[in-house]
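Single-structure report; data block below.
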Amino acid sequence: MSTVKDFETSQFPTWCPGCGDFGIWTALKNAFVEQGLLPHQTCVVFGIGCSGNMASFLNVYGFHGLHGRSIPVATGIKLANHKLPVVAIGGDGDGYGIGLGHLIHAMRRNVDITYVVHNNQIYGLTKGQTSPTSEHGLVTKSTPFGAIEMPIDPIALAIDVGATYVARGFSGNAKQLTELIIGGMKHKGFALIDVMQPCVTYNHLNTFHWFYQRLYELDKEGHDPADKAKAWARAMEWPTQLKVDENRVDRIPTGLFYQESRATYTDELPQLSDQALVEQTLGNIQIEPLMKKIS
């Protein structure tokens, strides 16, 4: 049996004190332990940003890639060994900005990976610029008169383009987040877990207190994640298209929005029906017939 300590390295996280990343780090370790996994049985791919710094603090088989490119790397790993649990880690800029194209196509292909997005609604590592999920009107260093763009709604987007497990967690609720990550890893197909996590240094609007006033859990209101229409309706509750107003108390749903069973990308590949790619012997492959056919 593994313990939480087994998934920790000798380096203590360098995130700002109070950062929401600590809660996600805790939930990930708990999720691995509760599934009985050992560090060598788990692969995690990291993007760039404060979330990517977790590569130094999480003891697993890991790959720290380029900005916005954790999804294609995770896809390649899953294709090479579809028996290996693969988790990708990104931030709202990493995943919903530069990496959005990769994300959309991985969701529609239903690649069997779990994508955990640290969504603090701001660029933290580069010192406080607006991100794709910043609220309309948010004042930052890059938008001194307020953000003019509307925020991306990752939950609605995921439901629309074909993700088969769509959830939102909160870094301040480690128990719920652990359960969502376990559910995503056990699910056969693409799992998006969008995690709201306050940036205590640069985002002074979406604080822990702000979220605690607005969050509610879907399962406590009888939500059925098999009902796509209702999942879509819940997804549209937040973010709103309204300008920032600290006195407006929106209702922000958390939990599992939508889940369906559908063939995964690797299920559709006959080459992987018997063995994982890494277990197959290539042997002496003759490519001349193929070259003649396409020439």
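The values are calculated or read from the model by the stated rules, or taken from the named source; none is laboratory data. Note that this is a predicted model, so its numbers are computed, not measured. Here the Cβ is made from the backbone with ideal geometry for all residues, glycine too, and neighbour counts use every protein chain on show.
Somewhere in the stretch 70-81, is a residue at pLDDT 95 or above and in a loop (DSSP other than H, G, I, E, B)?
Within the stretch 70-81, not a single residue is at pLDDT 95 or above and in a loop (DSSP other than H, G, I, E, B).
Name the single residue, out of those in the stretch 92-110 being among the small types (Gly, Ala, Ser) and touching a residue at least 24 places away in the same chain (Cβ under 8 Å), that is surrounded by the fewest Cβ atoms within 10 Å (Cβ to Cβ). Full working, then the answer.
Initial filter on the stretch 92-110 (among the small types (Gly, Ala, Ser)): 93, 95, 97, 99, 101, 106.
Those left that are additionally touching a residue at least 24 places away in the same chain (Cβ under 8 Å): 93, 95, 97, 99, 106.
Numbers: Gly93: 31, Gly95: 31, Gly97: 18, Gly99: 27, Ala106: 25.
Within the stretch 92-110, the match that is surrounded by the fewest Cβ atoms within 10 Å (Cβ to Cβ) is Gly97.
Please state which one of Met185, Met196 is over 17 Å from Asp250 (Cβ atoms), crowded, with 19+ Cβ neighbours inside 10 Å and in contact (Cβ under 8 Å) with a residue 60 or more places away in the chain.
Values: Met196 fails: over 17 Å from Asp250 (Cβ atoms).
After applying the criteria, what remains is Met185.
Scan the stretch 197-236 for residues that are of a type outside the set (A, V, I, L, M), farther than 27 Å from Gly137 by Cβ and either outside any loop (DSSP other than H, G, I, E, B) or out of contact with any Phe, Trp or Tyr (no Cβ under 7 Å at 6 or more places or on another chain) (or both) and report the count. Break it down stepwise before answering.
At the first step, the residues of the stretch 197-236 found to be of a type outside the set (A, V, I, L, M) are 197-199, 201-204, 206-214, 216-217, 219-225, 227-228, 230, 232, 234.
Narrowing the set further to residues that are farther than 27 Å from Gly137 by Cβ leaves 217, 219-225, 227-228, 230.
Filter once more, keeping what is either outside any loop (DSSP other than H, G, I, E, B) or out of contact with any Phe, Trp or Tyr (no Cβ under 7 Å at 6 or more places or on another chain) (or both): 217, 219-224, 227-228, 230.
Of the residues in that region, 10 qualify.
I'd like the residue in the stretch 241-295 that is over 20 Å from Val161 (Cβ atoms), out of contact with any Phe, Trp or Tyr (no Cβ under 7 Å at 6 or more places or on another chain) and basic (Lys, Arg) and, out of all such residues, is surrounded by the most Cβ atoms within 10 Å (Cβ to Cβ).
Lys243
Being over 15 Å from the mean Cα position of the chain (by Cα) and surrounded by 24 or more Cβ atoms within 10 Å (Cβ to Cβ) is the filter here; which residues of the stretch 111-129 pass it?
Ile122, Tyr123, Gly124, listed by residue number.
Tell me, yes or no, whether the stretch 12-29 has at least one residue that is farther than 20 Å from Asn119 by Cα and either at pLDDT below 95 or assigned to a helix (DSSP H, G or I) (or both). Step through it out loud before you land on a result.
Of all residues in the stretch 12-29, those farther than 20 Å from Asn119 by Cα come to 12.
Now drop any that are not either at pLDDT below 95 or assigned to a helix (DSSP H, G or I) (or both), which leaves 12.
So far as the stretch 12-29 goes, yes, one or more of its residues are farther than 20 Å from Asn119 by Cα and either at pLDDT below 95 or assigned to a helix (DSSP H, G or I) (or both).
Is it true that Asp219 is out of contact with any Cys (no Cβ under 9 Å at 6 or more places or on another chain), closer than 20 Å to Pro151 by Cα and at pLDDT 95 or above?
Working: out of contact with any Cys (no Cβ under 9 Å at 6 or more places or on another chain): yes; closer than 20 Å to Pro151 by Cα: no; at pLDDT 95 or above: yes.
So Asp219 fails the test.
From Ala147, Ala55, which residue is over 13 Å from the mean Cα position of the chain (by Cα) and part of a loop (DSSP other than H, G, I, E, B)? I'd like the intermediate steps shown before the answer.
Numbers: Ala55 fails: part of a loop (DSSP other than H, G, I, E, B).
Answer to the selection: Ala147.
For Ala80, work out the one condition from (1) closer than 29 Å to Ala276 by Cα; (2) touching a residue at least 12 places away in the same chain (Cβ under 8 Å); (3) out of contact with any helix residue (DSSP H, G or I) (no Cβ under 7 Å at 6 or more places or on another chain) it doesn't fulfil.
Unmet for Ala80, out of (1) closer than 29 Å to Ala276 by Cα; (2) touching a residue at least 12 places away in the same chain (Cβ under 8 Å); (3) out of contact with any helix residue (DSSP H, G or I) (no Cβ under 7 Å at 6 or more places or on another chain): (3).
Please list, ordered by first then second residue, the pairs with beta carbon atoms under 9 Å, 6 or more apart or interchain, first in the stretch 133-144 and in a loop (DSSP other than H, G, I, E, B), second among the acidic types (Asp, Glu).
Thr133/Asp92; Thr133/Asp153; Thr133/Asp194; Ser134/Asp92; Ser134/Glu149; His136/Glu149; Gly137/Asp245; Thr143/Glu149
What number of residues in the stretch 35-85 are touching a Pro at 6+ places or on another chain (Cβ under 7 Å) and among the aromatic types (Phe, Trp, Tyr)?
The number of residues fulfilling the criteria is 1.
Go through (1) surrounded by 15 or more Cβ atoms within 10 Å (Cβ to Cβ); (2) outside any loop (DSSP other than H, G, I, E, B); (3) not small (Gly, Ala, Ser) and name the single condition His40 misses.
Evaluating His40 over (1) surrounded by 15 or more Cβ atoms within 10 Å (Cβ to Cβ); (2) outside any loop (DSSP other than H, G, I, E, B); (3) not small (Gly, Ala, Ser) leaves (1) as the failure.
Exactly one of (1) of a type in the set (Gly, Ala, Ser); (2) under 26 Å from Gln129 (Cβ atoms); (3) touching a Gly at 6+ places or on another chain (Cβ under 7 Å); (4) in a strand (DSSP E or B) is unmet by Ala167. Its number?
Failed condition: (2).
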